[in-house]
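Undergrad: Here's a structure for you.
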Amino acid sequence: MKRALTAACGALALVSPAWAATTAKPAPPPPPYAGVYQPKGVDEIGLWQEADEQERALANSPLVIRDEALTAYVKNVLCAAVGADRCNATRIYILREPTFNATMVPNGTMRVYSGLLLRVRSEAELAAILGHEFGHFEKRHGLQDFKAGRTASDLLAWGQVLASMSTSYNVRRSFNDLQLSVYGSFFRFNRNQEREADLVGIGYLNASSLRPQAAARVWQNLVAEFQASAVSRGLKKPRFNAIAFTATHPPEEERAAYLGELAAPEGDARDEGAERYKGALAKWLPVFLDDQIKINDFGASEYLINRLAEDGWTAPLWQARGELFRARGAPRDLVHAADFYAKAVALEPDLAEAHRGLGLSLIKTGKASEGRAALERYLKLKPDASDAPMIGMTIGSVGGTQ
Amino acid sequence: MTMFGGRALMLGALCLAAMSAGAAHANAYREKGKVAEVADSAMTVTPPRDWNRLSAKPGKYAEVWTLDGEQLNDVTFYGGVEPGKPLVKERDKKRDPLPKFTASTLLIEVPELLEGTYRAEKQIGGFTLTGSKPAQFLGREGVNFTYEYTDQDDLPRKGEARAVLIDKKLYMVTFDAPRLHYFDKALPDFRALASTAKLSK
């Protein structure tokens, strides 16, 4: 259930509007904040109660990243964008899930997915997404569509009865998917709502100390990533439904164009906070990158690594690229992987994981003795690694000293 | 999506759910002490206690057994996965490919293969390999490894597995259960079952 509501509220998130702004005027500053809001009427009270229930479960979820400093940092970015009085109405939960997404529910619960943090590169880019979310929240879009699509919940009630008759976990999972598409259809915002949220979101940025032009770049980068993913999978068209709710409207390109027009020109000289963002994410970046690599989307992962490397290649980036190529595992990939690990080791000789990857790649490409040396180095650097006994066995099996 | 299209899709999904709910699963009983072939392969086990075999197979090379029910204590047998193949069936070969077992996969990389398969198949971020060591499986030198993950239902699970490579094919048995209660309870049963695994030529 929790997943379903999360997904439902995901619709608040990254729905693509199918309109192009005809105006070239910058977005106006946000209206004065109306203060603490309480739900009114049976629909809204019900919606809030459900959201409260979901939030209680969310607070205990093992998927939430419990890093006070990181959560406080993301909240600060939101506050910098929308202003302190507004952002006090929200609670932020960072979820370890490698997808590009952020959602906000009517009661003020904001979910930020680690995949989003991996993909944005500055405070201004992050603020653009969070501000858009906040725009839906402030305009209470969820409620309007909820009323319009109430018949959909009757359908879900029947679906649940049928699914509960089945003994198979997979059928119940299909029911969750059904919830996702049904909630998705009635939480999908219409064009005017999307337009409003974008307008409000850029309005926050225009009035903030961050550079509003960053908003357009988020979408341009996402388009490029989808294209890279499609090319490597041999698909004719990029897959815009890789993130929920962009499935039927894929005009990220249009969106990038009109967001550029809505950004206030005088904001162009402002700071994006890229260095601060890099510093705050430094500890988590290798973890998020690892999660991304292991979901087996070669093109997208390669694109992300290369984009992160625009500021210069670091040992963790070479290491991640090595892992990506070794996981795909074609003979040519293994040769590349060994090369990438070697570059990581050259930059950071004590990076144990890179020695491990280097050793395994060399062994697989027929360079057993060099591979053995790299694995021995790994064991020296990390003698109590969880796979140390297996590394020892691997060294032995390729004719080593053990 | 138009409202009409949306309805049609939803009704389609409902019908599917109804059909799956209606079809009784022909799960099977695996009696204590009787040799049973698993995963349509040369691998056999002699269960030291009664088990249930689920009829729904996760893939061509896999078969699931359980004591109390699916997802509570699942033993999955992988019988002779061939190079170039994924461990379980891919939902969409082109759009959602799974990692493949390859001819060059090393024994030490099998835990990573399982990790990649779980992460890609379940679209999850929280998966940790907690340990691996050499161990006998099917009478040969294999790997014994443990892991933890949280599935999309937010329930933390633990797993333990044995694997071995024979003639460039992967044979593996895994045990997955919720960390709370079920894992520790059925772990001895899993180990006892896995230790009876043999390869009949």
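Undergrad: Is it the case that segment B:60-69 has a residue that's basic (Lys, Arg) and either touching a His at 6+ places or on another chain (Cβ under 8 Å) or more than 26 Å from B:Leu155 (Cβ to Cβ) (or both)?
TA: Yes, because at least one residue in segment B:60-69 is basic (Lys, Arg) and either touching a His at 6+ places or on another chain (Cβ under 8 Å) or more than 26 Å from B:Leu155 (Cβ to Cβ) (or both).
Undergrad: Can you tell me how many residues within segment B:28-56 are free of Cβ contacts under 8 Å to residues at least 24 places away in the same chain and crowded, with 16+ Cβ neighbours inside 10 Å?
TA: Adding up the residues that qualify gives 1.
Undergrad: Tell me whether segment B:66-73 contains one or more residues that are in a strand (DSSP E or B), surrounded by 17 or more Cβ atoms within 10 Å (Cβ to Cβ) and not acidic (Asp, Glu).
TA: Yes - at least one qualifying residue is present in segment B:66-73.
Undergrad: Under 7 Å between Cβ atoms, at least 6 apart or on separate chains: pull out the pairs that start in segment A:331-347 with a residue that is among the β-branched types (Val, Ile, Thr) and end on any residue that is part of a helix (DSSP H, G or I).
TA: A:Val345/A:Ala354; A:Val345/A:His355; A:Val345/A:Leu358
Undergrad: Only one residue in A:Glu302, A:Glu310 is touching a residue at least 60 places away in the same chain (Cβ under 8 Å), away from chain B (no Cβ under 13 Å) and in a helix (DSSP H, G or I). Which one?
TA: A:Glu302
Undergrad: Within the set of pairs 6 or more residues apart or between chains, which connect a residue that is farther than 13 Å from B:Arg95 by Cβ and assigned to a loop (DSSP other than H, G, I, E, B) inside segment A:225-253 to a residue that is at pLDDT 70 or above and not small (Gly, Ala, Ser) with Cβ atoms less than 7 Å apart?
TA: Taking only residues 6 or more apart or on different chains, the pairs are A:Ile243/A:Thr99; A:Ile243/A:Phe100; A:Ile243/A:Asn101.
Undergrad: Okay, moving on. Kindly indicate whether B:Glu90 is over 24 Å from A:Ala385 (Cα atoms), more than 7 Å from chain A (Cβ to nearest Cβ) and not in a loop (DSSP other than H, G, I, E, B).
TA: no
Undergrad: Ok, one more. Which condition breaks for B:Thr174 when tested against (1) within 13 Å of chain A (Cβ to nearest Cβ); (2) surrounded by 19 or more Cβ atoms within 10 Å (Cβ to Cβ); (3) under 27 Å from A:Leu334 (Cβ atoms); (4) in contact (Cβ under 8 Å) with a residue 12 or more places away in the chain?
TA: All conditions are met except number (1).
Undergrad: With (1) of a type outside the set (Ser, Thr, Tyr); (2) more than 28 Å from B:Lys93 (Cβ to Cβ); (3) away from every other protein chain (no Cβ under 14 Å) as the list, and A:Val287 as the residue in question, which single condition is left unmet?
TA: Just one mismatch for A:Val287, condition (3).
Undergrad: Condition check: under 30 Å from B:Gly84 (Cβ atoms), surrounded by fewer than 21 Cβ atoms within 10 Å (Cβ to Cβ), without any contact (Cβ under 8 Å) to a residue 40 or more places away in the chain and out of contact with any strand residue (DSSP E or B) (no Cβ under 6 Å at 6 or more places or on another chain). Does B:Asp153 satisfy that?
TA: No: the conditions fail for B:Asp153.
Undergrad: Also, quick follow-up: In segment A:233-247, which residues are farther than 21 Å from A:Leu116 by Cβ and either at pLDDT 80 or above or crowded, with 17+ Cβ neighbours inside 10 Å (or both)?
TA: Answer for segment A:233-247, where residues must be farther than 21 Å from A:Leu116 by Cβ and either at pLDDT 80 or above or crowded, with 17+ Cβ neighbours inside 10 Å (or both): A:Arg233, A:Gly234, A:Leu235.
Undergrad: Follow-up question, since we're still on this one. Residues A:Gly135, A:Gly83, A:Gly108: which one is assigned by TED's automatic domain parsing to the domain that holds A:Ala27 and free of Cβ contacts under 8 Å to residues at least 40 places away in the same chain?
TA: Among A:Gly135, A:Gly83, A:Gly108, only A:Gly108 is assigned by TED's automatic domain parsing to the domain that holds A:Ala27 and free of Cβ contacts under 8 Å to residues at least 40 places away in the same chain.
Undergrad: I'm trying to understand the selection: among the residues of segment B:119-150, which are of a type outside the set (Gly, Ala, Ser), assigned to a loop (DSSP other than H, G, I, E, B) and either surrounded by fewer than 20 Cβ atoms within 10 Å (Cβ to Cβ) or more than 8 Å from chain A (Cβ to nearest Cβ) (or both)?
TA: B:Gln123, B:Leu138
Undergrad: Tell me, which strands (runs of 3 or more DSSP E) lie completely within segment A:65-121 with 3 or more residues that are within 25 Å of A:Asn221 (Cβ to Cβ) and hydrophobic (A, V, I, L, M, F, W, C)?
TA: Ranges flagged: A:91-95.
Undergrad: Of all residues in segment B:60-71 being within 13 Å of chain A (Cβ to nearest Cβ) and modelled with pLDDT of 95 or more, which is farthest from the chain's Cα centre (by Cα)?
TA: The selected residue is B:Thr66.
Undergrad: Okay, next question. Test of understanding: among A:Lys382, A:Lys343, A:Lys294, which residue is at pLDDT below 95 and among the basic types (Lys, Arg)?
TA: A:Lys294
Undergrad: Within segment B:94-117, can you find the residues that are at the interface with chain A (Cβ under 9 Å from one of its Cβ atoms) and within 20 Å of B:Tyr149 (Cα to Cα)?
TA: Answer for segment B:94-117, where residues must be at the interface with chain A (Cβ under 9 Å from one of its Cβ atoms) and within 20 Å of B:Tyr149 (Cα to Cα): B:Leu98, B:Pro99, B:Ile108, B:Glu109, B:Pro111, B:Glu112, B:Leu113, B:Glu115, B:Gly116, B:Thr117.
Undergrad: Please verify whether segment A:41-63 includes one or more residues that are in a loop (DSSP other than H, G, I, E, B) and in contact (Cβ under 8 Å) with a residue 60 or more places away in the chain.
TA: no
Undergrad: Just for segment A:354-402: of the residues that are within 12 Å of chain B (Cβ to nearest Cβ) and among the charged types (D, E, K, R), which one is surrounded by the fewest Cβ atoms within 10 Å (Cβ to Cβ)?
TA: Residue satisfying both the conditions and the ranking: A:Asp384.
The values are calculated or read from the model by the stated rules, or taken from the named source; none is laboratory data. Not measured: the values here are computed from a predicted model. All Cβ positions, glycine included, derive from the backbone under ideal geometry; neighbour counts span all protein chains shown.
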